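Just below is one structure, and these are the notes that go with it.
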Amino acid sequence: MPTDIYRQVFDNNKVWVESKLNQDADFFAKLAKTQTPDFLYIGCSDSRVPANEIMGLEPGDVFVHRNIANVVDNIDLNCQSVIEYAVKYLGVKHIVVCGHYGCGGVNAAMQQADLGLLNGWLRNVRDVYRIHAAELNAIPNETERYNRLVELNVQEQCINVIKTAVVQKTFKDTGNPTVHGWVYDLKNGILKDLNIDFPRILKGIQEIYNLD
């Protein structure tokens, strides 16, 4: 039998619908016609980080892909299909990779433990640690080291976005999309733009990944 919290979801839905219709009687009619989001948001599946809400945007404004530790894996057909669709067919102007401090996936990747099915997935984050081991191991405070890995993971996943063919070709043709790396702080609700210096990071390796 459905639990009280399950039933509450449908009651909440009715209240939400009424509130939207009170603001705009044609809200759902217009929303159903098409979507023209400016943003593709690639974030963590963590239930405490709702993409639209932390950005202060409405349904239809953000195309969203989420997975554990906001990973952009080149052989993940789900993620790659989302990027392809968002860039090629929706024409998004911005791609955001958003991590968050307090990420359980990043924390798990720092542990020397067998995590079963998660091992393969979190290897993506462990590879980020390997690439930046000198910097990370020089941070004595464990929490600060963990937070820095969250940031570096965002940086590396942004680079993975830039490596994709559809992003390269569309940027060359139109000047869009722009890739951004953000981190969300669970403790205060603030979004932080990492202002990643992609030209510096990609200098010397760009010719390897450029497809054109």
Exercise. Tell me, yes or no, whether the range 18-40 has at least one residue that is under 13 Å from the mean Cα position of the chain (by Cα) and in contact (Cβ under 8 Å) with a residue 60 or more places away in the chain.
Key: yes
Quiz item: For the subset of the range 1-33 comprising residues that are among the charged types (D, E, K, R) and part of a loop (DSSP other than H, G, I, E, B), which member is surrounded by the most Cβ atoms within 10 Å (Cβ to Cβ)?
Solution: Asp24
Quiz item: When you scan the range 34-63, how many residues do you find that are in contact with a Leu (Cβ under 9 Å, 6 or more places away or on another chain), crowded, with 16+ Cβ neighbours inside 10 Å and assigned to a loop (DSSP other than H, G, I, E, B)?
Solution: 4
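Please find, among Val179, Val167, the residue that is surrounded by 15 or more Cβ atoms within 10 Å (Cβ to Cβ), within 13 Å of the chain's Cα centre (by Cα) and closer than 19 Å to Pro37 by Cβ. Write out each step before concluding.
Working: Val167 fails: within 13 Å of the chain's Cα centre (by Cα).
Sole residue among the options that is surrounded by 15 or more Cβ atoms within 10 Å (Cβ to Cβ), within 13 Å of the chain's Cα centre (by Cα) and closer than 19 Å to Pro37 by Cβ: Val179.
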Quiz item: Taking only pairs six or more apart or across chains, which ones have beta-carbon atoms under 9 Å, a first residue in the range 110-131 that is in contact (Cβ under 8 Å) with a residue 24 or more places away in the chain and on the phi < 0 side of the Ramachandran plot, and a second residue that is exposed (fewer than 13 other Cβ atoms within 10 Å of the Cβ) and charged (D, E, K, R)?
Solution: Met110/Glu142
Practice problem: Could you pull out the residue among Val71, Val87 that is surrounded by 13 or more Cβ atoms within 10 Å (Cβ to Cβ), in contact with a strand residue (DSSP E or B) (Cβ under 8 Å, 6 or more places away or on another chain) and not in a strand (DSSP E or B)? | Solution: Val87
Self-check item: Considering residues of the range 182-201 that are in a helix (DSSP H, G or I) and closer than 20 Å to Asn70 by Cβ only, the residue farthest from the chain's Cα centre (by Cα)
Solution: Ile201
Quiz item: Which residue, of Ile201, Ile159, is within 22 Å of Glu84 (Cβ to Cβ) and aliphatic (A, V, I, L, M)?
Solution: Ile159
Quiz item: Which one is farthest from Met55 (Cα to Cα), of the residues in the range 200-212 that are free of Cβ contacts under 8 Å to residues at least 24 places away in the same chain and either crowded, with 17+ Cβ neighbours inside 10 Å or charged (D, E, K, R) (or both)?
Solution: Glu207
Quiz item: Val92: β-branched (Val, Ile, Thr), assigned to a loop (DSSP other than H, G, I, E, B) and touching a residue at least 40 places away in the same chain (Cβ under 8 Å), yes or no?
Solution: yes
Quiz item: Considering Asp197, Asp173, Asp185, which residue is among the charged types (D, E, K, R) and in contact (Cβ under 8 Å) with a residue 12 or more places away in the chain?
Solution: Asp185
Exercise. Could you tell me whether the range 114-127 includes any residue that is among the small types (Gly, Ala, Ser), in contact with a helix residue (DSSP H, G or I) (Cβ under 7 Å, 6 or more places away or on another chain) and assigned to a helix (DSSP H, G or I)?
Key: no
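Every number here is computed from the coordinates shown, using simple stated rules; none is lab data. Treat the numbers as computed from the prediction; the structure is a model and nothing was measured. Please note: Cβ atoms are built from the backbone with ideal geometry, for glycine as well, and neighbour counts cover all protein chains shown.
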